[in-house]
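Only one structure is covered here, and it is reproduced in the block below.
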Amino acid sequence: MAPVSVAEAERIQEQLRQRLDLHEHLTTAPRLVAGVDVSYDKSSPRVAAAAVVFDLATGVEVESAVVPGEVSFPYVPELPTFGVAKTPFVAGYDEPGEDRGDWSPLRADGQVLGRVLRTQIGVKPVFVSVGHRTTLDQATTLTLDLSPRYRLPEVIRRADFRSREALRRVRRGR
């Protein structure tokens, strides 16, 4: 059952946060990785979510899915989980160096939540956060592995594109 309020969603997230295992469990790089993105229509409750699965070794897309829908309450940035974001939402940071792989800590309330990571020389950094059973070092390495040419990892770029395209089709009534 979906939460009915922002307060309930935050309560559920806090309960789930207590279950996180932030220790290293990946003994090798995963074969498949998934990127997920949601696009929001600014003038209505319409959204479109997309997921794209890539073969990490070949960089080839294996599968994808797009689902349109409506939100029941507005998007509110909460504490980051494993992911790569374009904006830091609620955390502060110092700019990392200009070279690919340079990073600085992403902090909120004195806690390190992730890293501000430069994936390409001279472009804006991305914001990497840890996840369940993955360390920050592993998340950083995977982010760089998935970003050979662009700022965002390819799986997230494609999921972002697909979710935005689906939202445009919904707006046009298709």
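The values are calculated or read from the model by the stated rules, or taken from the named source; none is laboratory data. Just so it is clear, the structure is predicted and the values come from calculations on it, not from any experiment. Every residue, glycine as well, gets a Cβ built from its backbone with ideal geometry; the counts of neighbours run over all protein chains shown.
Which numbered condition trips up Ala91, out of (1) exposed (fewer than 14 other Cβ atoms within 10 Å of the Cβ); (2) free of Cβ contacts under 8 Å to residues at least 40 places away in the same chain; (3) closer than 27 Å to Pro105 by Cβ?
So the condition that Ala91 fails would be (1).
Got at least one residue in the range 115-130 being outside any loop (DSSP other than H, G, I, E, B) and small (Gly, Ala, Ser)? Explain how you work it out, then say what you get.
Residues of the range 115-130 that are outside any loop (DSSP other than H, G, I, E, B), as a first pass: 115-117, 126-129.
Right, trim to small (Gly, Ala, Ser) and you get 129.
Checking the range 115-130: at least one residue is outside any loop (DSSP other than H, G, I, E, B) and small (Gly, Ala, Ser).
The rows are residues; the columns are (1) surrounded by 19 or more Cβ atoms within 10 Å (Cβ to Cβ); (2) on the phi < 0 side of the Ramachandran plot.
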site	(1), (2)
Arg133	no, no
Leu136	yes, yes
Thr143	yes, yes
Leu146	yes, yes
Leu152	yes, yes
Ile156	yes, yes
Asp160	yes, yes
Arg168	no, yes
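Those residues that are among the aliphatic types (A, V, I, L, M), touching a residue at least 60 places away in the same chain (Cβ under 8 Å) and out of contact with any helix residue (DSSP H, G or I) (no Cβ under 6 Å at 6 or more places or on another chain), I need them from the range 19-32; list them, please. Reasoning before the result, please.
To start, the set of residues in the range 19-32 that are among the aliphatic types (A, V, I, L, M) comprises 20, 22, 26, 29, 32.
Still in the running and touching a residue at least 60 places away in the same chain (Cβ under 8 Å): 20, 22, 26, 29.
Residues satisfying the conditions are Leu20, Leu22, Ala29.
Looking only at residues that are loosely packed, with under 10 Cβ neighbours inside 10 Å and of a type in the set (Val, Ile, Thr) in the range 1-59, which one is modelled with the highest pLDDT?
Per the criteria, the residue is Thr58.
Kindly indicate the residue of the range 46-70 that is in contact with a Pro (Cβ under 9 Å, 6 or more places away or on another chain) and assigned to a loop (DSSP other than H, G, I, E, B) and also nearest to Thr141 (Cα to Cα) among those meeting that condition.
Leu56
Regarding Phe73, is this residue aromatic (Phe, Trp, Tyr), closer than 30 Å to Arg169 by Cβ and loosely packed, with under 15 Cβ neighbours inside 10 Å? Talk me through it step by step, then tell me what you get.
Numbers: aromatic (Phe, Trp, Tyr): yes; closer than 30 Å to Arg169 by Cβ: yes; loosely packed, with under 15 Cβ neighbours inside 10 Å: yes.
Here the answer is yes, as Phe73 does meet what is asked.
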